[in-house]
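Down below is the structure, laid out as structure tokens.
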Amino acid sequence: DAKTTQPPSMDCAEGRAANLPCNHSTISGNEYVYWYRQIHSQGPQYIIHGLKNNETNEMASLIITEDRKSSTLILPHATLRDTAVYYCIVRVASGANSKLTFGKGITLSVRP
Amino acid sequence: SQTIHQWPATLVQPVGSPLSLECTVEGTSNPNLYWYRQAAGRGLQLLFYSVGIGQISSEVPQNLSASRPQDRQFILSSKKLLLSDSGFYLCAWSVGGIYGYTFGSGTRLTVV
């Protein structure tokens, strides 16, 4: 069963903000939201994670709705190198169900 | 700092030949280790994970096996490769808990 749903693809202009949506309407109270990205022919790269509060790091910002049923990953100033498949994943922090399970992700294309 | 090494980067093997892919982690102790596979045009599938030396859990029935002979060494093997074993194999590690996974650069295996 898919725990998250993401649009298959989106694009944005270089230098503009890229807002990547994710729905996780069945998220449990102890599940975190994680974002990874995979640039073509490379291994996935961790971006950010959060539980309830919005989070920001040097790569991106994560906005989680108050009911936690959806979130948005924001790349504030997209570059061509941000073109990749972005995965939104929910998981518990520990235990047998804490393994990272990837869905299909969303393909972000940044255009010049 | 922690690093993860995977080799080889690419491999072409005939059907029926054996396989051994190695993954090592440096700079950490007692990591959780994972093997993923990504078939062409498909998503990332977790194959095996290990929480300690000699402890291997298999996620899906398949033609492959995994071993962890040392704390920071994870090996993926097959006695006889099938065409369907072709894909991009990724090793990852984590310290567990809320922390994310760090992936290696992957091995692209083509079975001919």
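A few remarks follow.
- Given A:K3/A:K99; A:K52/A:K104; A:K99/B:K80, the pairs whose alpha carbons are separated by over 19 Å: A:K52/A:K104; A:K99/B:K80
- Amide H contacts of A:S109: A:M10, A:D11, A:C12, each under 5 Å away and 5 or more positions distant or on a separate chain (H built 1.01 Å from N in the peptide plane; Pro and chain starts excluded).
- Relative contact order of the range A:1-63, defined on C-alpha pairs under 8 angstrom at six or more residues apart (%): 21
- Take every pair of alpha-carbon atoms less than 8 Å apart whose residues are at least six positions apart; their mean separation over the length of chain A yields a relative contact order of 36 percent.
- Label-zone membership for the range A:60-96, site B:E59, 7 angstrom Cα→C-beta point, backbone N under 20 Å: A:85-96
- Taking amide H atoms as placed 1.01 Å from N in the peptide plane, the amide H of B:S105 lies under 5 Å from those of B:Q6, each 5 or more residues away in sequence or on another chain.
- With only the Cα atoms considered, chain A has a convex hull volume of 99 Å³ per residue.
- Charged-residue dipole, Cβ positions (Lys, Arg, Asp, Glu), chain A about Cα centre, Debye nearest 20: 200
- Counting protein heavy atoms only, chain B has 52 percent of its accessible area on carbon and sulfur, 1.4 angstrom probe.
- Signed unit charges on C-beta, dipole axis of the protein assembly as shown, positive-most listed residue B:I4, A:G103, B:V111: B:V111
- Between chain A and chain B, the total buried accessible area stands at approximately 1400 Å², from heavy atoms with a 1.4 Å probe.
- Within the protein assembly as shown, DSSP assigns beta bridges of which about 90% are antiparallel (rounded to the nearest 5).
- Based on Cα contacts under 8 Å between residues 6+ apart, chain B shows a relative contact order of 36 percent.
- Net dipole in debye of chain B [+1 Lys, Arg Cβ; -1 Asp, Glu Cβ; about Cα centre; nearest 20]: 220
- For the range B:73-103 and the range A:49-112, distance of Cα centres in Å: 22
- Per residue value of the accessible surface for chain B (all protein chains in place, 1.4 Å probe), Å²: 48
The values are calculated or read from the model by the stated rules, or taken from the named source; none is laboratory data. Every value quoted in this text rests on a predicted model; they were computed, and no experiment measured them. With ideal geometry, Cβ positions are generated from the backbone for all residues, glycine too; neighbour counts draw on all protein chains shown. Note: areas computed on protein heavy atoms with side chains; ligands, DNA, RNA excluded. Shrake-Rupley method; radii C 1.70, N 1.55, O 1.52, S 1.80 Å.
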